[in-house]
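J.: One structure coming up, written as structure tokens, with questions to follow.
The values are calculated or read from the model by the stated rules, or taken from the named source; none is laboratory data. In this text the structure is predicted, and so the values were computed from the model without any measurement. For neighbour counting, all protein chains shown are included, and Cβ atoms are generated from backbone atoms with ideal geometry for every residue, glycine included.
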Amino acid sequence: MDASPDTAIRGRLLIAALLAGIAAECCERGVEYAKVREQFGQPIGAFQAVKHHCANMAIMAHAAKELTTFAALAFTEGHAEAEREADAALNLALRAARENAGTNIQVHGGMGFSAECDAHLYLKAARLLDAACGGLSESRRRLMQHK
């Protein structure tokens, strides 16, 4: 039995919201770690390269959250473009979660892969949700079908 279109849209919105949350949490954890981890006598957050990584994570997390919120409102209000907006939100949230999870691991350095740090768990969760919705290529395909 196939799910109704509304159920499928709700599912994509839910996954997009989870992924946007992962993107935001990775940004927050990366920034907090950059404030306390010291190298060469100063926090690593003082280095321009780390600042750029943190800024990029913040932009991606914010964009994913806002587009997901917009798509959810469009769906709730019954707009004709709600399905397209949900697909766009999912696509952006997938990319934001995967990129931010990877960048968070980079900011944490070697510790990001260790069992002592949860950074790697966010990447695993993002990949799991990615697989659950068919992956980024499926998301792009659905998005490209909208006119």
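J.: From the residues in the range 113-147 that are of a type in the set (S, T, N, Q) and either farther than 16 Å from residue 91 by Cβ or out of contact with any helix residue (DSSP H, G or I) (no Cβ under 6 Å at 6 or more places or on another chain) (or both), which one is modelled with the lowest pLDDT?
T.: Ranking the candidates gives 114 first.
J.: Here's another thing I want to ask about it. In the range 79-120, how many are under 18 Å from residue 11 (Cβ atoms) and in contact with a Cys (Cβ under 9 Å, 6 or more places away or on another chain)?
T.: 3
J.: Go through 55, 89, 63, 82 for me and flag whichever is within 16 Å of the chain's Cα centre (by Cα) and touching a residue at least 40 places away in the same chain (Cβ under 8 Å).
T.: Among 55, 89, 63, 82, only 89 is within 16 Å of the chain's Cα centre (by Cα) and touching a residue at least 40 places away in the same chain (Cβ under 8 Å).
J.: Cβ contacts < 6 Å: first residue more than 10 Å from residue 15 (Cβ to Cβ), restricted to the range 131-142; second residue not polar (S, T, N, Q), any location; separation 6+ or different chain. Result?
T.: Close Cβ pairs satisfying both conditions: 136/94; 142/87.
J.: Would you mention how many residues in the range 19-35 are buried (at least 19 other Cβ atoms within 10 Å of the Cβ) and under 16 Å from residue 63 (Cβ atoms)?
T.: 7
J.: If you don't mind, there's one more thing I want to ask. Condition first: touching a Ser or Thr at 6+ places or on another chain (Cβ under 6 Å) and small (Gly, Ala, Ser). Now tell me which residues in the range 62-92 satisfy that.
T.: If the condition is that a residue be touching a Ser or Thr at 6+ places or on another chain (Cβ under 6 Å) and small (Gly, Ala, Ser), then 89 is the only one that fits.
J.: So, one more: Here are some residues: 94, 143. Which one is within 13 Å of the chain's Cα centre (by Cα) and surrounded by 14 or more Cβ atoms within 10 Å (Cβ to Cβ)?
T.: Sole residue among the options that is within 13 Å of the chain's Cα centre (by Cα) and surrounded by 14 or more Cβ atoms within 10 Å (Cβ to Cβ): 94.
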